[in-house]
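> Okay, here's the structure, questions in a sec.
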Amino acid sequence: MKFSANLGFLWRELDLSDAIRAAKQAGFSDVECHWPYDTPAKEVREALKETGMTMMGLNTHPGDLDDGDFGLCALPDRMDEGRAAIDQAVAYANATGTKCIHVMAGKSKGAEAAKAFVQNLRYACERAAPFGITILIEPLNTYDVPGYFLTSTAEAQRIIDMVDEPNIKIMFDCYHMQLMQGDLSNTLRDLLPKIGHIQIASVPDRAQPDHGELDYSYVLQLIADLGYSAPIGAEYKPGKPTDQTLGWLKKYL
Ligand SMILES: O=C(O)[C@@H](O)C(=O)CO
Ligand SMILES: [Mg+2]
């Protein structure tokens, strides 16, 4: 079983290139991030080359987090910003060999928001396809991000059907989905062909995946038994130095 360190949460005290090196040192096979845009792509590319790791995913720019934004791509009155965020993400992903782009919807609801999201996602799929990049959409939980457009796998499937492009999949974050839906085993089994990336964290505290209401020794074995072999994203908030939270990983090394 392989794991990708989410550097949006892990080793946050380090700059992105050093965080990539720390992840390698700790035994992760790959990395992923949230918003890498302050670090020149060349630096990240070099750190990835040096460590032999792949950047599994990055997110489109969220907008102004301090002003409550959490994505721009399902906001009908901000289409230009959504497109610019997609262009930026595709350029960065292409420059760093990143495999997936999570296109962040933002806080909105209703038919117009869905229409805007579908249009932006089609645009993203078309822009990403020549580089072999997969577009992801991720349902989030309503405790952490009230008002976010996408909160269920049913809605994610509906959006993917409407987009109707070959390179769009679901980012299945077990933490969010346990909070919103539960029934992870059946959902993972049914959805697996449509899943492009899986993330994990303990529930409900979103720390390392070795405690809480989800038994990851069971869930991860199920994922492996279903034939999924891509790296699993460790997207958790360590709450102490990351190196002190890696006991769970050692079991798989
Ligand atoms: O689960 C999350 O919060 C992330 O995967 C994400 O992309 C938004 O930061
Ligand atoms: Mg996630």
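Read-outs: derived from the displayed coordinates by stated rules, not from any lab. These numbers were taken from a predicted model, which means no experiment stands behind them. Virtual Cβ from ideal backbone geometry, glycine too; neighbours counted across all protein chains shown.
> On the principal axes of its Cα set, how long, how wide and how thick is the stretch 54-203? Give whole Å, largest value first.
Per principal axis, max minus min of the Cα coordinates gives 37, 32, 28 Å.
> Now, a different point. Could you state the number of Å between the C-alpha centres of the stretch 137-205 and the stretch 13-84?
20
> Using Cβ contacts closer than 10 Å as the measure, can you line up Asp15, Asp67 from fewest to most?
So the residues, fewest neighbours to most, are Asp67, Asp15.
> Tyr218 to Tyr143: extension gain in nm, 0.36 nm per residue of separation minus the Cα-Cα distance? Show your work: numbers first, answer last.
On the way: separation 75, 0.36 × 75 = 27.00 nm, distance 2.53 nm.
Contour length minus the Cα-Cα distance gives 24.5 nm.
> I need the peptides 172-180, 91-99 ranked by packing, meaning the mean over residues of other C-beta atoms within 10 angstrom, with the highest value on top. All intermediate terms of the calculation are to be shown ahead of the outcome.
Values: 172-180: 23.2, 91-99: 20.0.
In descending order of packing, they fall as 172-180, 91-99.
> Hey, if you put +1 on the Cβ of every Lys and Arg and -1 on every Asp and Glu Cβ in the chain, which of Met177, Ala124, Tyr216 ends up farthest toward the positive end of that dipole?
Tyr216
> Viscosity 1.567 mPa s, temperature 4 °C: give me the Stokes-Einstein translational D for the stretch 28-86 in µm²/s, with Rh taken as the Kirkwood radius over C-alpha pairs.
Stokes-Einstein gives a translational diffusion coefficient of 99 µm²/s.
> Once the mean 1/r over all distinct Cα pairs of the chain is inverted, what Kirkwood radius in angstroms do you read off?
Hydrodynamic radius (Kirkwood, Cα only) of the chain equals 18.2 Å.
> Oh, and also: In debye to the nearest 20, how big a dipole does the stretch 3-250 give about its Cα centre with +1 on each Lys and Arg Cβ and -1 on each Asp and Glu Cβ? Walk me through the intermediate numbers first.
Numbers: 22 positive and 35 negative charges, 99 e Å.
In debye, rounded to 20, the stretch 3-250 gives about 480.
> Could you work out the helix-only [θ] at 222 nm for the chain, with each DSSP H run of four or more residues adding -39,500 (n - 2.57) and the total divided by the number of residues, to the nearest 500 deg cm²/dmol?
Helix-only estimate at 222 nm: -11500 deg cm²/dmol.
> Another question, if that's okay. Give the percent of DSSP beta bridges with both residues in the chain that are antiparallel, rounded to the nearest 5. Intermediate results must be reported in sequence, preceding the final value.
Details: 2 of 24 bridges.
Taking every DSSP beta bridge within the chain, about 10 percent pair in antiparallel fashion.
> When the Karplus curve 6.51 cos²θ - 1.76 cosθ + 1.60 is applied with θ = phi - 60°, which whole-Hz ³J(HN,Hα) does each residue of the stretch 33-39 get, with x for Gly and Pro?
Calculated HN-Hα couplings, in order: 8, 9, 10, x, 5, 6, 9 Hz.
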